[in-house]
1. Run down Leu36, Leu85, Leu109, Leu71 and say which single residue is farther than 19 Å from Arg184 by Cβ and not basic (Lys, Arg).
2. Go through the range 42-74 residue by residue and tally those that are exposed (fewer than 11 other Cβ atoms within 10 Å of the Cβ) and among the polar types (S, T, N, Q).
3. Checking the conditions here, which among Ser58, Ser75, Ser47 is among the hydroxyl-bearing types (Ser, Thr, Tyr), out of contact with any Lys or Arg (no Cβ under 7 Å at 6 or more places or on another chain) and not in a helix (DSSP H, G or I)?
4. Give just the number: which of (1) part of a helix (DSSP H, G or I); (2) touching a helix residue (DSSP H, G or I) at 6+ places or on another chain (Cβ under 8 Å); (3) among the small types (Gly, Ala, Ser) does Ala18 not satisfy?
5. Does Ser61 satisfy the criteria of being modelled with pLDDT of 95 or more, in the same structural domain as Gly171 (by TED's automatic domain parsing) and closer than 23 Å to Ala148 by Cα?
6. Please specify each residue of the range 112-125 satisfying the condition of being surrounded by fewer than 18 Cβ atoms within 10 Å (Cβ to Cβ) and touching a helix residue (DSSP H, G or I) at 6+ places or on another chain (Cβ under 6 Å).
7. Any chance the range 93-107 includes a residue that's in a loop (DSSP other than H, G, I, E, B) and either in contact (Cβ under 8 Å) with a residue 60 or more places away in the chain or in contact with an Asp or Glu (Cβ under 9 Å, 6 or more places away or on another chain) (or both)?
Amino acid sequence: MSRRAMGAPTGVGRLRTAWRAAHRPVAGVPARTRRLAYAVPLLVLPSGVWRLPAVFDSGLSVGERLYVPMLSVVSELLAFTAVGLVARWGEVFPGRLPGLGGRRVPVWLAVVPAAVGATVLTAVFSLWAPLTTAMGTTIRGDALPPDAPGQATGLASAWFYACYVPLMLWGPLLAVLTAAYWRRRRRRHQGGGGVRVAAARRCPGTGVDGGVRWRPAMTTENPRRCSRRTPPMQRAANSSCSAT
């Protein structure tokens, strides 16, 4: 009996499921922010495609032939990390990661690399590359060789700039997504996260829970106390319980 008949997921089905899971946004992400995140890999893709024909250049060594496609793949993977700033796997480690699965991603672990990357990408592709192109030099300051892609004319020149000009938006878009990610995680930490923690506090009737003694905290906002006669559901919802 075939896998399809048995109801087992096929290779295409697993790929489709993984694709949806990787792009599924977390709650609270605006549609415009999601579209910006999804646009980043598409902006980087044309430059990777433009480099691929160089693999068939007779003047390249074996190492250079491997370097060209690997550069395109690595660039696209780095661009895809922008999706993590709006997707669930950017806030919670995937369950398949040993020792980390299901744990929350520390805010700094996402924000610091993204902020550094946005700064470098903006400096290189949005500022320095257009400046050197206008000056007729390479990024290192050397004069452009006559066979440089930027020196071409006609259709070849149009194709080159159509593929590389979108890279100018990579850094700025990543900066916008990083700021939105930081604000969203900060709001949840200050707001919703505290509500869930408070709701999980308990004041057991025995007064001891796992070696920690609990007692009610008297506050003007919520003067309720937890006691042995308090129903368990009410005790769990009473946020005035605190550990001594």
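1. Answer to the selection: Leu71.
2. Looking only at that region, the number is 2.
3. Working: Ser75 fails: not in a helix (DSSP H, G or I); Ser47 fails: not in a helix (DSSP H, G or I).
Step by step, each of Ser58, Ser75, Ser47 is checked, and only Ser58 is among the hydroxyl-bearing types (Ser, Thr, Tyr), out of contact with any Lys or Arg (no Cβ under 7 Å at 6 or more places or on another chain) and not in a helix (DSSP H, G or I).
4. Against the list (1) part of a helix (DSSP H, G or I); (2) touching a helix residue (DSSP H, G or I) at 6+ places or on another chain (Cβ under 8 Å); (3) among the small types (Gly, Ala, Ser), Ala18 comes up short only on (2).
5. no
6. Answer for the range 112-125, where residues must be surrounded by fewer than 18 Cβ atoms within 10 Å (Cβ to Cβ) and touching a helix residue (DSSP H, G or I) at 6+ places or on another chain (Cβ under 6 Å): just Ala115.
7. Checking the range 93-107: at least one residue is in a loop (DSSP other than H, G, I, E, B) and either in contact (Cβ under 8 Å) with a residue 60 or more places away in the chain or in contact with an Asp or Glu (Cβ under 9 Å, 6 or more places away or on another chain) (or both).
The values are calculated or read from the model by the stated rules, or taken from the named source; none is laboratory data. Just so it is clear, the structure is predicted and the values come from calculations on it, not from any experiment. All Cβ positions, glycine included, derive from the backbone under ideal geometry; neighbour counts span all protein chains shown.
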